[in-house]
1. Do you know which of the residues in the stretch D:293-306 that are buried (at least 24 other Cβ atoms within 10 Å of the Cβ) and under 22 Å from D:GLY143 (Cβ atoms) is nearest to the chain's Cα centre (by Cα)?
2. Looking at the stretch B:96-107, can you tell me whether even one residue there is part of a strand (DSSP E or B) and surrounded by fewer than 24 Cβ atoms within 10 Å (Cβ to Cβ)?
3. Can you name every residue in the stretch C:159-181 that is closer than 19 Å to C:ARG238 by Cβ, more than 13 Å from chain D (Cβ to nearest Cβ) and of a type in the set (A, V, I, L, M, F, W, C)?
4. So A:LEU154 clears everything in (1) without any contact (Cβ under 8 Å) to a residue 12 or more places away in the chain; (2) more than 8 Å from every other protein chain (Cβ to nearest Cβ) except one condition, right? Which one?
5. Within the stretch D:223-240, which residues are in contact with a Leu (Cβ under 6 Å, 6 or more places away or on another chain) and either part of a strand (DSSP E or B) or surrounded by fewer than 24 Cβ atoms within 10 Å (Cβ to Cβ) (or both)?
6. Do you know which residues across the stretch D:213-224 are more than 7 Å from every other protein chain (Cβ to nearest Cβ), in contact (Cβ under 8 Å) with a residue 60 or more places away in the chain and of a type in the set (A, V, I, L, M, F, W, C)?
7. What are the residues in the stretch C:265-282 that are touching a strand residue (DSSP E or B) at 6+ places or on another chain (Cβ under 8 Å), in a loop (DSSP other than H, G, I, E, B) and not aliphatic (A, V, I, L, M), if any?
8. For the stretch C:26-78, give me each residue that is away from chain D (no Cβ under 12 Å) and under 27 Å from the mean Cα position of the chain (by Cα).
Number of protein chains: 4
Amino acid sequence: MIIVLKPSTPPERIALFEDRLRSNYHVKVNRWDGVHSTVLGLIGDTHTVDIEYIDAQDIVESVKRVQEPYKKANRKFHPENTVVKISDNVSIGDGSLCVMAGPCSVESEEQIVEIARSVKKSGAAMLRGGAFKPRTSPYAFQGLKSEGLDLLKLARKETGLPIVTEIMRTEHIDMFENVDVIQVGARNMQNFDLLRELGKTKKPILLKRGLSATIEEWLMSAEYIMAGGNDNVILCERGIRTYETYTRNTLDIAAIPIVKKLSHLPVVVDPSHASGKSWLVEPLAMAAVAAGADGLIIEVHNDPQHALSDGAQSLTPKQFEQVAGRIFALKESMK
Amino acid sequence: MIIVLKPSTPPERIALFEDRLRSNYHVKVNRWDGVHSTVLGLIGDTHTVDIEYIDAQDIVESVKRVQEPYKKANRKFHPENTVVKISDNVSIGDGSLCVMAGPCSVESEEQIVEIARSVKKSGAAMLRGGAFKPRTSPYAFQGLKSEGLDLLKLARKETGLPIVTEIMRTEHIDMFENVDVIQVGARNMQNFDLLRELGKTKKPILLKRGLSATIEEWLMSAEYIMAGGNDNVILCERGIRTYETYTRNTLDIAAIPIVKKLSHLPVVVDPSHASGKSWLVEPLAMAAVAAGADGLIIEVHNDPQHALSDGAQSLTPKQFEQVAGRIFALKESMK
Amino acid sequence: MIIVLKPSTPPERIALFEDRLRSNYHVKVNRWDGVHSTVLGLIGDTHTVDIEYIDAQDIVESVKRVQEPYKKANRKFHPENTVVKISDNVSIGDGSLCVMAGPCSVESEEQIVEIARSVKKSGAAMLRGGAFKPRTSPYAFQGLKSEGLDLLKLARKETGLPIVTEIMRTEHIDMFENVDVIQVGARNMQNFDLLRELGKTKKPILLKRGLSATIEEWLMSAEYIMAGGNDNVILCERGIRTYETYTRNTLDIAAIPIVKKLSHLPVVVDPSHASGKSWLVEPLAMAAVAAGADGLIIEVHNDPQHALSDGAQSLTPKQFEQVAGRIFALKESMK
Amino acid sequence: MIIVLKPSTPPERIALFEDRLRSNYHVKVNRWDGVHSTVLGLIGDTHTVDIEYIDAQDIVESVKRVQEPYKKANRKFHPENTVVKISDNVSIGDGSLCVMAGPCSVESEEQIVEIARSVKKSGAAMLRGGAFKPRTSPYAFQGLKSEGLDLLKLARKETGLPIVTEIMRTEHIDMFENVDVIQVGARNMQNFDLLRELGKTKKPILLKRGLSATIEEWLMSAEYIMAGGNDNVILCERGIRTYETYTRNTLDIAAIPIVKKLSHLPVVVDPSHASGKSWLVEPLAMAAVAAGADGLIIEVHNDPQHALSDGAQSLTPKQFEQVAGRIFALKESMK
């Protein structure tokens, strides 16, 4: 950590501050005096140093981290890729391409079982589906809730596909006991209490990137879960908010190689939410695979025009079959 | 609501779609045929029409709302300003300038009582202070929690100032029973379960704008609370995320007059979080008052350099006295 | 074009406005009356209707285009892909992958010829290199200027590679007479005078997307060039400005399929500027090809550590050879 | 300047690099070795050090400036406010509030003279009006050009108001000889050739902030003009591009106090372009004055509904009179 002090700070204030840094954080402090400013360098383990405390000092002009503020999610301290095991034959991060597919919302037994069967046939390894739905409007359909969870489990029983579904509050963690992967939605990426509680479980967590979260903040949210002892975190890039209005979000394709460099955690991409338009799912899915994603999560609905939510971005099972064909072929060609 | 159909949609598909709109939503449907496209107009009460359902139809090119999607928060249906009564002598939205001040985090009895006394002397009408703190890092100080709430109540007893403090999960609502105003933080603005539960109380809610929330999304979150029957919502602009890196956030000063036009709810500004720098608090507070804000929420700490969080943006009580002097003088001059 | 009028506009004002629309723009006007507002629909060729004029009327609440505001760049009026012919054996937009490579700045004969030879060997079809350099700081190296152009032509003579280089002012158009493709940089995307003058030439123009330009604004800038009679426009996505600070820009990968849908013009991607980091060039180039780009423009420098500008994002010739191998293999596999 | 080296860089490479820094830039180099990385600090005048050169080195992890990259625009080297003298009785930056008003586009003698007279009566010190108009669409009205300049001069003769108008290309500098203040539009803020040529004149330049320019980039563009010897630069904040779509741009109100701290140049605000809506001009103008702006530039049109451009954001002369009354009263009360 590098601390630039304000010009003309009295030497005795600097000395005092150096002492405080040493005793508070057990770090070594180096100092050098420039023409206009003095700079301090903290040497040692600084990931627990509170950067806001430093920044609050009246003699401090600016602070810059050299080490990342996350440790357990950091590839520097864990060079090998993390492989998250979902079931006996499904893992994420092992070099294969893990495709999760299914409807935005679970709507009925018939719907979810039919979609599950069809996406399985096209090569999907997992079934996605929303039971609790975060909706911008209080007047919109909010999901089938616990009934939706039951239908997902039923579809799992029928097809053998592990299921991934979104949690919205800490009180529901017990209810998600029998879910294979628990999803934390973009709007809850910094619901720190929820993250902390999920850290106490051993469940694989699919952590979506927040609408305007930096990559560092996203990894810090992963760190929250891991700090509690749960290392089974799967990161999910789903598009960020920018000034461009043509698409709902802007897929940050560079986030894939960046996360792979900074962290050992697997990263998957959600091309459906990233674009909000079904005809963009294929090119974005292709791009994600080419850029090195460990998996994809794609919305598929047997009747998008009557879907109870997000139909505009859903593929039909037939369209999904074609997209899946192309992405698995691409993955194969890259070996 | 206006629906633009795709070029060359067959007339029978259009007729079928029109029928469906009429029967699903009890609206009248107007239609006109352009050179390239056909356009449908929905007439009637469309705020419950699910825009995503419409957008999902394969024959639909684009949809545009004419009416806003919020109703209870909408000034069109409630022309007079809402005045939120906090206590016998404190209200927000009545034309006066309501200043809330206090530390980012409650740290000790001595700290909170001393600050409360001093900000009261400078004209603050309410005491702010965090007991539960949302922090980006799991390793940072997370607040004194229930002990912090007790200390706030103690400071209220000493000074008579009503208190405002942040809630982080639905399970805590009972614990906040005796708090005067419950704050929903920016990161929880779309924690819809929390909003819904708060809608069941009658407590005044200070709803911070999300880091990258549009004004419409912010008002939709207010609508969540109000849909449950709680009309005591105070909106708080606290800066949005942009590409500019000099400040932590960019204060969207235009949000004040815009919210006043679109909604009847009172709006306050947080110049401390908007800038992240104590020397910017005064000019931003002045700008907020000049633009018509109903109140301000300002961080004050008796010892910013030892503050356990966000010290860099805190004023000392002495600095706050000066800022308060200037903003009340400005407010006075605008009468 | 759809025009929503303000609630309670007097019928005679509406009638007057309808008349004016008809006579000014030779369009038909449809009208329907909602519960709260009246809506007018303009039918006919509206791409020359001045949306700002409409928006300025005191009786107008909002305006929405149904047709795009660009015509010559619009795929609706030109369904086949445009193929821009650069030289006897180089074209862009014909289904092949056109790779342009070379240094950010031309520095010396030795440098540019050596790089040209090496990128040609690796499969590049064109040589890029800056002679006039837009630099944020007036104290930074601004390019070799006309001498740089001469060196590029010399390298072209040595290798046969057509050259692409950036123009910065209208007075230089004559000087660029003998350049194969003229680049308009991101910062000049809305230098409308420059665009208009380039429209009077027949030169292929590589039009970079502005730092925060929407896709529509980008296509409108292409329209400026095309309105003058020059249809040889190649669009170049080079990353947009967002809140994320890890990379210099955020590559908007979805822009590729979107531009291909909205327009018939070819689109290439600049993974070097999009990321600003050489290790990100390969994954972003792969993603661009997978998403359907017609070409790539990549920075290559024989000595990035001594490059006079933008060295951090340059590949060495050896690195470029590897990247080129992977992207051509990917392109091949997608046939 | 602080340079963080990559972990495990060999000591001999570091020594070599240090030597090169010393000899290239005539700076002293300090070094300290952390647990994971080595950090170098450059001491001396570093504003001409090419940060991209440093960043390009393969042994460099990251670079951070301690000094700002601009010098002539920097308050550190010029502590007193710059006062730009426009005419015998008009100056900007002297503590008064300089209001420039007039139409977006000059349209006719009658129009410009009538508006000039009326805004003068309301207290405007200068007349604004566009003769050359940057328009997104090639089909929109592009201004009266040189005829517009003549009409502005005529209005100046009639009223005595100095005139400010926008330049779009270097070839026009001679034509602007007799203009009082030359405006550089947001889209040309990084048209470096134009900036450089304007630096060779002694004309006051109104430099608008680019649509997505950082404050540092904006000051670097001022530096371009000043590096040529022209110190008469007036900065103009006109809103930045963000994700929010309700307004055309987001006024960055904090930019005013920030620019005043970082630079000695005067700063004015354009509330008309910042919002794009006439009813927002007053609250934004009030906020700008309260935040410390040296002036305002406001669009006024005698017939906004027939304005040839940007009518939606124009005030009528009568509305301007009211707004002017309120902002001068506010300015007065702040003394």
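1. The extreme case among them is D:ILE297.
2. yes
3. Hits for the stretch C:159-181 are C:ILE163, C:VAL164, C:VAL181.
4. Going through (1) without any contact (Cβ under 8 Å) to a residue 12 or more places away in the chain; (2) more than 8 Å from every other protein chain (Cβ to nearest Cβ) one by one, A:LEU154 breaks only (1).
5. D:VAL233, D:ILE234, D:LEU235, D:CYS236
6. Answer for the stretch D:213-224, where residues must be more than 7 Å from every other protein chain (Cβ to nearest Cβ), in contact (Cβ under 8 Å) with a residue 60 or more places away in the chain and of a type in the set (A, V, I, L, M, F, W, C): D:LEU219, D:ALA222.
7. Answer for the stretch C:265-282, where residues must be touching a strand residue (DSSP E or B) at 6+ places or on another chain (Cβ under 8 Å), in a loop (DSSP other than H, G, I, E, B) and not aliphatic (A, V, I, L, M): C:PRO266, C:ASP270.
8. Result: C:LYS64, C:VAL66, C:GLN67, C:ASN74, C:ARG75, C:LYS76, C:PHE77, C:HIS78.
The values are calculated or read from the model by the stated rules, or taken from the named source; none is laboratory data. Predicted model, so just to flag it, every value in this text is computed and none were measured. Glycine also receives a Cβ, built like all others from the backbone with ideal geometry; neighbour counts cover every protein chain displayed.
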